[in-house]
Structures are given as structure tokens and as C-alpha cells.
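Right, one structure below, let's go through it.
The values are calculated or read from the model by the stated rules, or taken from the named source; none is laboratory data. These numbers were taken from a predicted model, which means no experiment stands behind them. Here the Cβ positions follow ideal geometry from the backbone for every residue, glycine too, while neighbour counts run over all protein chains shown.
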Amino acid sequence: MSTIQQRYVSKDLTHFVGRSRNTPEEQYQLLLQIVRSGELRADPMCAPGKRVISGRTNYGTARFSKCETYEFPGVCFCDIPLADLAIHACKYSHFGIAFQKRFLVENGASPVLYVANDSRIKPAPNSYLGIDSRSYARGEFFDLMFPRFDGLCNDLAFKARAVAAERSEAVQELAQTARLVAELRVYMTEYLLSYCKAFEANRDDDDEQHFYMEREWRVLDDVVFAISDIERLIVPKSFSKQLRDDLPSFYGQTYFLDL
């Protein structure tokens, strides 16, 4: 097996914790809680290991270009080498936990699919879908198309139920096709569309909304781990002694991140 590795990606993936916490001590305590529990929760509102609702598709004013259309709880990681973590840590926190990429892939991790909103495209005109003969910003185009896609899938499912009593073989075949399309859409939404992440390509690298710089990977489930699965813990150097005292059974790497 080749040992050559690109330097702009990492062999492990890092999850930063405590962005919403007010102080470094609160962020540190959250990191301790995660390590001791052996679990990164996808949705804290659900009981451990239970996902009653996988996610939801938002309609109405929700916009794909603002990452509002598909909301699926998950655990996010960044694929960034240690030497380049500073920009990301400034956006989130200085406390993180990292696992080998292969461990997370076995637990369902996959990189997100980035979509540049400001990319210009010129799709083929289609009067049925309302696509004009002009150029569109990609985000604008998807904001038009995704509500129609979801609406058509819903219409198909509704009409399939409405003709369920029809005895015609052709009608029954059409209704079955409509039902399967509606069911397929559920899987496509959860395992493909929910991994799409729109961003503005022209933002500065350190802009909080420049999501492409995160090289995000996601797990749409809880990540359960043993302390031996942890590749690295990241803390400011001022927490080094406290970390060793609080986690004497942790023998993985410790990386001190001071910005």
C-alpha cells in the first residue's frame, strides 16, 4: 500500500466542540463530557441511539442556496491538516476531538458536496419547468428547481393514493411507479441532497460563511467510540495538565492549539 499522501488533506478528521459555549472552561468541560460518554450526538433532542425523525425538508421560503432546504441532524468533521487548523478553530473553538478517517468512514462518514452559489450556468430552456434561455447563478437555479422537484414528488405520491382503487393494469403500474419515485426521493434526500452545501466562492478564506474551507465530512447518526478510538484531543496548552489529570486513561495524541 502506498504511503504517499497529499499534504492538503489529513489522515484523520476533527470535530470541534463548544462553539456556543461562553468560556474556554465551558468548552473544555463539554469536551470531557464527550470523551467520557464515548459518544458524539447527532441530535441532542433524541435519546442516545434513537433517531425518531431522520431529518426534514423545508418548503415555502427555505432556500437551497442558504442551506435551509434539507435539515438532517449529524456530526460534522473537518478534513484539515494540523498545521492549517487555525482558521477553522477561530470560527468554532480551540477544543477538538479527532478520529482516523477509516474509523469514521466505517461509521458512515462522507464528505459533503460543495455547490458554488455564484457559479454561472446556462441550462437548456424548458418552458414546463420555467427555465428561461439565459444564464443563472447556480444557487439561484437550485432555489428554483428544488421546490419544484419536491413538489412534483409529493404530487406523485398523492395521485398514486387517489387512484389506488382503479382496476386498470396500466393505472396500477403508473401508481406503483409514482409510489416508488416518492419513496426513492426519501433516500436520495437523506443520503445525497442533505450532503450538499452551498457557499459563496468569492468570500475571503477566513470568512465564517466560506464553508468550502472547512472540507467538511458528515455522519448522519451518533458516533459511538471507545477512548482507544480517539486519535487526538486538541486543547489550548493552558489546559494540558488539567487534561492529563482528568483523563488518565487517554494515551492518544494531544495537540496544543494556541492562536
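A few comments on the model shown:
- Selection from segment 180-219 of residues that are assigned to a helix (DSSP H, G or I), free of Cβ contacts under 8 Å to residues at least 60 places away in the same chain and within 19 Å of residue 65 (Cα to Cα): 188, 191
- None of 223, 219 is under 11 Å from the mean Cα position of the chain (by Cα), crowded, with 16+ Cβ neighbours inside 10 Å and of a type outside the set (Ser, Thr, Tyr) except 219.
- Within segment 148-178, considering residues that are in a helix (DSSP H, G or I) and among the β-branched types (Val, Ile, Thr), the one nearest to residue 193 (Cα to Cα): 177
- Residue count for segment 226-249 under the criterion of being part of a loop (DSSP other than H, G, I, E, B) and either at pLDDT 95 or above or buried (at least 16 other Cβ atoms within 10 Å of the Cβ) (or both): the result is 3.
- Selection status of residue 134, under 19 Å from residue 210 (Cα atoms) and at pLDDT 85 or above: no
- Among the numbered conditions (1) modelled with pLDDT of 90 or more; (2) exposed (fewer than 14 other Cβ atoms within 10 Å of the Cβ); (3) out of contact with any Cys (no Cβ under 7 Å at 6 or more places or on another chain); (4) under 20 Å from residue 202 (Cβ atoms), the only one that residue 66 does not meet is (1).
- Selection count where residues are assigned to a loop (DSSP other than H, G, I, E, B) and in contact (Cβ under 8 Å) with a residue 24 or more places away in the chain, scope segment 123-147: 0
- Any hit, segment 197-206, residues being under 27 Å from the mean Cα position of the chain (by Cα), of a type in the set (Phe, Trp, Tyr) and under 27 Å from residue 141 (Cβ atoms): yes
- Single unsatisfied condition, residue 108 versus (1) outside any loop (DSSP other than H, G, I, E, B); (2) in contact (Cβ under 8 Å) with a residue 60 or more places away in the chain; (3) touching a strand residue (DSSP E or B) at 6+ places or on another chain (Cβ under 9 Å); (4) surrounded by fewer than 19 Cβ atoms within 10 Å (Cβ to Cβ): (1)
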